[in-house]
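Structure first, then comments.
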Amino acid sequence: MKQSVAKARPLPSISLDDVGGIQKEMKEEILQTLSTIKNREEANELGIHPPQGILLYGPPGTGKTLLAQAIAKELNASFFSTSGSAFNELFVGVGASRVRSLFDNARKQTPAVIFIDEVDALAGKRKPHGGEESEKTLTELLVQLDGGHSNEGILFVAATNRRDMLDEAFLRPGRIDFSFNVQLPDTNGRKEIIDIHTKNRLLAPDVLGSLGTLAETTSGFSGADIHSLFETASRKAIMNGQNIITKADIDFALDRTILGNSNHPLQDD
Ligand code: ATP
């Protein structure tokens, strides 16, 4: 049977500086954690065991995937990215064999980061009458994470919006050593993300002068919402034949983003 397994992607060009609104302490802890991987021998001498797995959890669109990419870049590692749902199969054994292939492929290209988004679809709590297939797949994941020396040079990064759904065995230290809560950004965080997403866009002076206010008025917005806001404003500007984003474009995009339909056709309805 033909199987689709994540292949290494080109090294992400995302760095930690491209991820805004992340608490300073959390960024520092991530960097510290990665330094134990980069300086494995020194760490071992100090009795520090570099982590095997990291979990990023929090609401949708807060930058967990971006963070995983930045982690791979920081480690100069090959990036194997897939989603938990890619392992859901009707046929017994197929999901487990995909998990094995994923780790085998990564072991051939170390240093490597294996990133599994929506990991709850793969490592959800086992149910008393759960399916045989999903149980086998999860068991295989646990076996692979317990790979010991064969996992040297591999960092497993998982992301979820539903940490509460994850199986305790999966979360055990030695499998997942660090969990980071990636929250919705506060006002300062939103300003950082706004700065990131306006870096390469032309803004009218009144827009440029009111980015701080925009950060204040976008309470509840995720990084993905902010990205979508500026994409919509840019498209609106282009549609109006402008090469610069005006306040009217931002207001239009704000309405769209708040209504949650920023992908709809750009008409003033
Ligand atoms: P999900 O839980 O839905 O998978 P996620 O947390 O993985 O979402 P991303 O896929 O990383 O979120 O974010 C989607 C896009 O939103 C990013 O490519 C980026 O453009 C923007 N974005 C999200 N969070 C941030 C952030 N913290 N800083 C800068 N940009 C962000």
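The values are calculated or read from the model by the stated rules, or taken from the named source; none is laboratory data. A quick note: this is a predicted structure, and the numbers were derived from the prediction, not measured. Neighbour counts run over all protein chains shown; Cβ positions are idealised from the backbone, glycine included. Areas reflect the complete protein model, heavy atoms only, side chains present, ligands, DNA and RNA absent. Shrake-Rupley method; radii C 1.70, N 1.55, O 1.52, S 1.80 Å.
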Practice problem: For ILE30, indicate whether it is part of a helix (DSSP H, G or I) and either surrounded by 15 or more Cβ atoms within 10 Å (Cβ to Cβ) or within 16 Å of the ligand (Cβ to nearest atom) (or both). | Solution: yes
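Could you list, in sequence order, all residues of region 185-200 that are within 11 Å of the ligand (Cβ to nearest atom) and either surrounded by 14 or more Cβ atoms within 10 Å (Cβ to Cβ) or not in a helix (DSSP H, G or I) (or both)?
Step one: of region 185-200, the residues within 11 Å of the ligand (Cβ to nearest atom) are 185, 189-190, 192-197, 199.
Within region 185-200, PRO185, GLY189, ARG190, GLU192, ILE193, ILE194, ILE196, HIS197, LYS199 qualify.
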Quiz item: Picking from GLY93, GLY53, GLY47, which residue would you name as being open to solvent by 30 Å² or more (accessible area, probe 1.4 Å) and away from the ligand (no atom under 14 Å from the Cβ)?
Solution: GLY47
Quiz item: Would it be correct to say that GLY61 is at pLDDT 90 or above, part of a loop (DSSP other than H, G, I, E, B) and either buried (at least 18 other Cβ atoms within 10 Å of the Cβ) or at positive phi (or both)?
Solution: yes
Quiz prompt | Selection status of LYS73, on the phi < 0 side of the Ramachandran plot, open to solvent by 30 Å² or more (accessible area, probe 1.4 Å), in a helix (DSSP H, G or I) and touching a Pro at 6+ places or on another chain (Cβ under 7 Å) | solution = yes
Quiz item: If the Cβ limit is 6 Å and pairs must be 6+ apart or interchain, which residue in region 222-235 that is more than 7 Å from the ligand (Cβ to nearest atom) pairs with which residue that is among the hydroxyl-bearing types (Ser, Thr, Tyr)?
Solution: ASP225/THR257; SER228/THR257; SER228/SER262; LEU229/THR257; THR232/SER262
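Can you confirm whether ALA68 is within 16 Å of the ligand (Cβ to nearest atom), in contact with a strand residue (DSSP E or B) (Cβ under 8 Å, 6 or more places away or on another chain), part of a helix (DSSP H, G or I) and more than 20 Å from SER222 (Cβ to Cβ)? Full working, then the answer.
Values: within 16 Å of the ligand (Cβ to nearest atom): yes; in contact with a strand residue (DSSP E or B) (Cβ under 8 Å, 6 or more places away or on another chain): yes; part of a helix (DSSP H, G or I): yes; more than 20 Å from SER222 (Cβ to Cβ): no.
When the stated conditions are applied, ALA68 does not pass them.
Could you look through region 201-221, keep only residues that are among the charged types (D, E, K, R) and assigned to a helix (DSSP H, G or I), and pick out the one that is nearest to the ligand (Cβ to nearest atom)?
Taking region 201-221 as the starting set, the residues that turn out to be among the charged types (D, E, K, R) are 201, 206, 216.
Cutting the leftovers down to assigned to a helix (DSSP H, G or I) gives us 206, 216.
Numbers: ASP206: 24, GLU216: 18 Å.
My answer is GLU216.
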